[in-house]
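Enquirer: There's a structure below that I have some questions on.
The values are calculated or read from the model by the stated rules, or taken from the named source; none is laboratory data. Since we're looking at a predicted model, the values are computed, not measured. In this analysis, Cβ positions are derived from the backbone assuming ideal geometry, glycine residues included, and neighbour counts consider all displayed protein chains. Areas reflect the complete protein model, heavy atoms only, side chains present, ligands, DNA and RNA absent. Shrake-Rupley method; radii C 1.70, N 1.55, O 1.52, S 1.80 Å.
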Amino acid sequence: MAAQPPPAPPAVEARFAELCKELGVGEGVAGEAAALLDEAKGALLGAPSVGGRSAKDAERLCLAFVLYCAVKLKGRKEGSGIRLCEILKGCKLKYDDFFKEMQQIGLKIEKILESRYGRDWEGHLELKQLESLVNLLADASRFYRKAYNELFSSSTTDQEPGSATNIPDYFLFGWNLFLMLRSRSPELFKDLVSCIHGLVAVLAILLIHVPAKFRSFTIESSSHLIKQSEEGVDIIASLCHNYHTSEERLKEIMDKSHRAIEDFFGVKALSASKCKTENLDKIDTDGLMCFNGLIDEESFQLNLKKLEKLCDSNSWEWELDLKLFLSNDYIPSAEKSSGGSTNLGCSKRAFETLASPTKTIKNMLTVPCSPPSPVNGGSVKIVQMTPVTSAMTTAKWLREVISSLPDKPSSKLQQLLSSCDRDLTNDVTKRVSIVLEAIFPTKSAADRGGSIGLNCANAFDVPWAEARKMEASKLYYRVLEAICRAESQNSSVNNLTPLLSNERFHRCLIACSAELVLATHKTVIMMFPAVLESTGLTAFDLSKIIENFVRHEETLPRELKRHLNSLEEQLLESMAWEKGSSLYNSLIVARPSLASEINRLGLLAEPMPSLDELVARQNVLVEGLPATPSKKRAAAPDDNTDPRSPKRLCNESRNTVVERNLQTPPPKQSHIVSANLKAKCHPLQSTFASPTVSNPVGGNDKCVDITVQIFFSKILKLAAIRIRNLCERIQYVEQTERVYNVFKQILDQQAALFFNRHIDQIILCCLYGVAKVCQLELSFREILNNYKREPQCKPEVFLSIYVGTRNRNGILGSHHVDIITFYNEVFVPAAKPFLVSLIASGTRPEDKNPNSQISGSPKPSPFPNLPDMSPKKVSSSHNVYVSPLRQTK
């Protein structure tokens, strides 16, 4: 009998092998990638298409992700030279397509990646950081293109006959010069604000060297160069005025640019006053430098080729092809690059009362696209707030309002600190130094034995970190003084000592200040929640301070308020519910019935690290710090009069507390309803007090009871808005109140459903449960299709939901299921009583009496107390907002 021929390799494996061959992947890495694909193809290719894409597109995305994982997690150790940009080009993918789906793909094979590469595989991939870097460079390249076209004539951007590219030489030279400066000066890649300063420096160099005939203006009638001196036009001052940059910072970057050009091209910088060229006519040359032979006809093409060949293989941007950012290939669109939770231009969806400015600086609200001129009659045009204009205007606020403040507590703040039971001034200043050093380390990576990477604060250079520390400390002192003034006027507060000696309060205020500084500069190195990790705080801790921060810093720009609004949404929707959140340490005291479940799942937060531990972690030597590195929780300054932590309290008295609570009725809904009223008279020191401390306002409540009620009221407000939006989208507005009431009862009586989960998961299940009970023709698929159009939608919300289980040996384990499995196995058993009660109240269509409502009577709003959340974002992919016309207008 003839031997059967071997079966042909499956098509997907064959295509993957061909891809590896085309890219020149080494045998070791190709074998690793093939093994990973073989193990993961069932989960990746057997499931529905990624993001609703075609099977072919989904396959290309999966192959690119698998190959990048193998190259990054194993190939780098073996010296593999394949970059992400090459993988995407081989798979015919754009950066934004890949980054949009990577998280969903990673979730599908999370267990496989963890077993092969360890639990920190996602951190080693650095994809989130690369995505932020791509968005930053895309924003920077759009700014450069627009600014270049404003300064130079369009004839320089026309495609020459026979040219292989439509990018003009001078335009390309400027971008490559910027990339060279980034490689030579590390501080130029830290954040978007620094990048814009670098690009403006490049534009100044081009104005000095590019022949005047290519300018789009003349010096005599220019609306771009309006800053004049006795010697002529001041180019640097004019560019700073037009693009909201700091003149001092720009001159500093210009100096570094001159040194880099001298070193790279081997040409000598000359004072512009000694260069008699047509380009410098009627221009003030004081402080300007020029280079003979930089853009001359004889040497320009040679210099351009030299720049193009520059490849900084040691750069952590090595995964990207930075020249592609001048074209539309492989880069995100403007709408996509300006979105995201870390973006200052994010949509304001939930707490408009928090995001609306009260006394925002007037010039922060308008961005002039050009200075007033006789041509436009002196009018100021209002342009769209882009990521660049947002960053530059908020940086201007930080520079003009905050940086001018003293770098130590003001005399009034010192007076308040010294009026406590003991003088706390020294403690406050010492703490600021330690905590900000943990956030912005100024020691080099080599000094700490670390390595530089995208997800590593070690990449900070000393001048940049010192400048950010100074800004954060000044903002912290300013807001601290405002809070102290307000608290001292609170009739319920007799002494500021409990608040000003509370370690957690100060760290939250410092962390919030540092986060705003990072958000202003739009850095790609330390993205939220890196600030929490550096300071030892949890998401629930930070959620206590955001509203107070906004209330007491009246000059805070609108975009930074939106950023804090976005952060608060993230904290409320999921981060505060994650394992290790201090929320659980409060819940076991405020809601003892939840203690057993919290302990069973191991959700309690670890003790907050002391200042000594932060010093030891960063290897920082702070003068005068006591050398007593105690790791006992009893030494934590924020415990006040109770040395026991909530975690320890639960372990010691859990059984008695739980038994007592079994006889306690569930909290009344009126508790949550009245939380806002209590919050108005709830002193801030009570918010951060130990959970067992009694409320100083009076009554039998402990401080933690009011704190949890306030937190739950914020959850309900956010849920109400999202429920209303989703019901409007699926055109079942009449069910809004029922869905909200079920959600509210679950939060009130079955809060364990929220543990380790996202509130949108509960909202989706409530909506489907109400639809089933009311016998509506509404499928889960239809709900999810509409939810995907919501601005806050993330695939993992409905694809990966935590379910805790125990094996035969009683060891706690966990796995993640999809939304339908979670609904059937977990949600329905817990929420069934609330859903059944809808039937008893007559909510089915056949139970409705059409004559029950008087004809012509207006239908009351299901949420009469909700604020008008306008403008409302109506598109998840475009920056489109809708606002109702107010009577005042």
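Enquirer: Does segment 86-106 contain any residue that is under 24 Å from the mean Cα position of the chain (by Cα), modelled with pLDDT of 85 or more and more than 23 Å from residue 22 (Cβ to Cβ)?
Expert: Yes, the conditions are met somewhere in segment 86-106.
Enquirer: Same structure again: In segment 243-266, how many are under 30 Å from residue 386 (Cα atoms) and open to solvent by 30 Å² or more (accessible area, probe 1.4 Å)?
Expert: Residues flagged as under 30 Å from residue 386 (Cα atoms) and open to solvent by 30 Å² or more (accessible area, probe 1.4 Å) within segment 243-266 amount to 7.
Enquirer: Something else about it: Would you pick out the residues in segment 530-539 that are in contact (Cβ under 8 Å) with a residue 60 or more places away in the chain and open to solvent by 10 Å² or more (accessible area, probe 1.4 Å)?
Expert: Matches in segment 530-539: 530, 534, 536, 537, 538.
Enquirer: Sticking with this structure for a sec: If you check 784, 767, which single one turns out to be at pLDDT 95 or above and assigned to a helix (DSSP H, G or I)? Steps first, answer last, please.
Expert: Numbers: 784 fails: at pLDDT 95 or above.
Exactly one residue qualifies, and that residue is 767.
Enquirer: Okay, next question. Checking residue 527 against (1) open to solvent by less than 10 Å² (accessible area, probe 1.4 Å); (2) in contact with a Ser or Thr (Cβ under 6 Å, 6 or more places away or on another chain), which test does it fail?
Expert: The number of the failed condition is (1).
Enquirer: Please go through segment 399-427 and pick out each residue that is open to solvent by less than 10 Å² (accessible area, probe 1.4 Å) and in contact with a Leu (Cβ under 6 Å, 6 or more places away or on another chain).
Expert: Listed by number, the residues that qualify are 402, 417, 424.
Enquirer: Another question about this same structure. Does any residue in segment 709-723 that is assigned to a helix (DSSP H, G or I) come within less than 7 Å, Cβ to Cβ, of a residue that is polar (S, T, N, Q) six or more places away or on a different chain, and which pairs are these?
Expert: Filtered contacts from segment 709-723: 711/543; 713/676; 723/736.
Enquirer: Follow-up question, since we're still on this one. Being under 20 Å from residue 210 (Cβ atoms), open to solvent by 50 Å² or more (accessible area, probe 1.4 Å) and assigned to a loop (DSSP other than H, G, I, E, B), is that true of even one residue in segment 302-316?
Expert: So in segment 302-316, the residues under 20 Å from residue 210 (Cβ atoms) come out as 302-308.
Going one step further and asking which of them are open to solvent by 50 Å² or more (accessible area, probe 1.4 Å), we end up with 302, 305-306, 308.
From what's left, assigned to a loop (DSSP other than H, G, I, E, B): none.
The answer is no, given that none of the residues of segment 302-316 is under 20 Å from residue 210 (Cβ atoms), open to solvent by 50 Å² or more (accessible area, probe 1.4 Å) and assigned to a loop (DSSP other than H, G, I, E, B).
Enquirer: If you take the residues in segment 216-233 that are outside any strand (DSSP E or B) and open to solvent by 60 Å² or more (accessible area, probe 1.4 Å), which one is farthest from residue 152 (Cα to Cα)?
Expert: Step one: filter segment 216-233 for residues outside any strand (DSSP E or B), giving 216-227, 230-231.
Next, only the ones that are open to solvent by 60 Å² or more (accessible area, probe 1.4 Å) stay: 218, 220-221, 226-227, 230-231.
Details: 218: 11, 220: 16, 221: 15, 226: 17, 227: 19, 230: 25, 231: 23 Å.
It comes out as 230.
Enquirer: If you don't mind, there's one more thing I want to ask. Filter segment 111-150 for residues that are within 23 Å of residue 39 (Cα to Cα), free of Cβ contacts under 8 Å to residues at least 40 places away in the same chain and open to solvent by 60 Å² or more (accessible area, probe 1.4 Å) and give the result.
Expert: 111, 114, 115, 119, 120, 122, listed by residue number.
Enquirer: Here's another thing I want to ask about it. Name the residue that is nearest to residue 508 (Cα to Cα), counting only residues in segment 567-585 that are open to solvent by 10 Å² or more (accessible area, probe 1.4 Å) and not hydrophobic (A, V, I, L, M, F, W, C). Walk me through it before giving the result.
Expert: If we filter segment 567-585 for residues that are open to solvent by 10 Å² or more (accessible area, probe 1.4 Å), which is where we start, we get 570, 573-575, 578-580, 582, 585.
This time we only want the ones that are not hydrophobic (A, V, I, L, M, F, W, C), so: 570, 573-574, 578-580, 582, 585.
On the way: 570: 16, 573: 19, 574: 19, 578: 18, 579: 19, 580: 17, 582: 13, 585: 17 Å.
Selected residue: 582.
Enquirer: Look through 740, 732 and report the one residue that is buried (at least 18 other Cβ atoms within 10 Å of the Cβ) and modelled with pLDDT of 95 or more. Write out each step before concluding.
Expert: On the way: 732 fails: modelled with pLDDT of 95 or more.
Selected residue: 740, the only one of 740, 732 that is buried (at least 18 other Cβ atoms within 10 Å of the Cβ) and modelled with pLDDT of 95 or more.
Enquirer: Hey, another quick one. Among the residues of segment 450-494, write down those that are among the hydrophobic types (A, V, I, L, M, F, W, C), at pLDDT 80 or above, within 30 Å of residue 182 (Cβ to Cβ) and open to solvent by less than 30 Å² (accessible area, probe 1.4 Å).
Expert: Listed by number, the residues that qualify are 464, 465, 472, 475.
Enquirer: In segment 526-581, which residue that is hydroxyl-bearing (Ser, Thr, Tyr) and outside any helix (DSSP H, G or I) is farthest from residue 614 (Cα to Cα)?
Expert: Let us first name the residues in segment 526-581 that are hydroxyl-bearing (Ser, Thr, Tyr), namely 534-535, 538, 543, 555, 566, 574, 581.
Keeping just the survivors that are outside any helix (DSSP H, G or I) gives 538, 555, 574, 581.
On the way: 538: 15, 555: 32, 574: 26, 581: 19 Å.
Here the answer is 555.
Enquirer: Right, next: From the set of residues in segment 234-250 that are in contact with a helix residue (DSSP H, G or I) (Cβ under 8 Å, 6 or more places away or on another chain) and assigned to a loop (DSSP other than H, G, I, E, B), which is farthest from residue 143 (Cα to Cα)?
Expert: 246
Enquirer: Oh, and also: May I ask you to list the residues in segment 272-283 that are in a loop (DSSP other than H, G, I, E, B) and either in contact with a helix residue (DSSP H, G or I) (Cβ under 6 Å, 6 or more places away or on another chain) or under 20 Å from residue 202 (Cβ atoms) (or both)?
Expert: As a first pass, look at segment 272-283 and keep what is in a loop (DSSP other than H, G, I, E, B): 275-277, 281-282.
Within segment 272-283, 275, 277 qualify.
Yes/no matrix, rows are residues, columns are (1) assigned to a loop (DSSP other than H, G, I, E, B); (2) of a type outside the set (Asp, Glu):
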{"position": "252", "(1), (2)": "no, no"}
{"position": "261", "(1), (2)": "no, yes"}
{"position": "270", "(1), (2)": "no, yes"}
{"position": "285", "(1), (2)": "yes, yes"}
{"position": "294", "(1), (2)": "yes, yes"}
{"position": "297", "(1), (2)": "yes, no"}
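Enquirer: Please enumerate the residues belonging to segment 498-523 that are open to solvent by 20 Å² or more (accessible area, probe 1.4 Å) and assigned to a helix (DSSP H, G or I).
Expert: 498, 504
Enquirer: With 89, 100 as the choices, which residue is in a helix (DSSP H, G or I), of a type in the set (D, E, K, R) and over 21 Å from residue 796 (Cα atoms)?
Expert: Step by step, each of 89, 100 is checked, and only 89 is in a helix (DSSP H, G or I), of a type in the set (D, E, K, R) and over 21 Å from residue 796 (Cα atoms).
Enquirer: With (1) out of contact with any Asp or Glu (no Cβ under 7 Å at 6 or more places or on another chain); (2) modelled with pLDDT under 85; (3) open to solvent by less than 30 Å² (accessible area, probe 1.4 Å) as the list, and residue 284 as the residue in question, which single condition is left unmet?
Expert: (1)
Enquirer: Can you confirm whether residue 187 is surrounded by fewer than 22 Cβ atoms within 10 Å (Cβ to Cβ), at pLDDT below 85, within 23 Å of residue 519 (Cα to Cα) and of a type outside the set (S, T, N, Q)? First the steps, then the outcome.
Expert: Details: surrounded by fewer than 22 Cβ atoms within 10 Å (Cβ to Cβ): yes; at pLDDT below 85: yes; within 23 Å of residue 519 (Cα to Cα): yes; of a type outside the set (S, T, N, Q): yes.
Yes, satisfied.
Enquirer: Collect the residues in segment 200-215 that are within 17 Å of residue 272 (Cα to Cα) and either assigned to a helix (DSSP H, G or I) or in contact with a His (Cβ under 8 Å, 6 or more places away or on another chain) (or both), keeping them in residue-number order. Outline the logic, then answer.
Expert: Residues of segment 200-215 within 17 Å of residue 272 (Cα to Cα): 201-212.
Selection gives 201, 202, 203, 204, 205, 206, 207, 208, 209, 212.
Enquirer: Return the total of residues in segment 400-425 being over 12 Å from residue 557 (Cβ atoms) and assigned to a helix (DSSP H, G or I).
Expert: If we filter segment 400-425 for residues that are over 12 Å from residue 557 (Cβ atoms), which is where we start, we get 403-425.
Then keep just the ones that are assigned to a helix (DSSP H, G or I); that gives 411-418, 425.
So the answer is 9.
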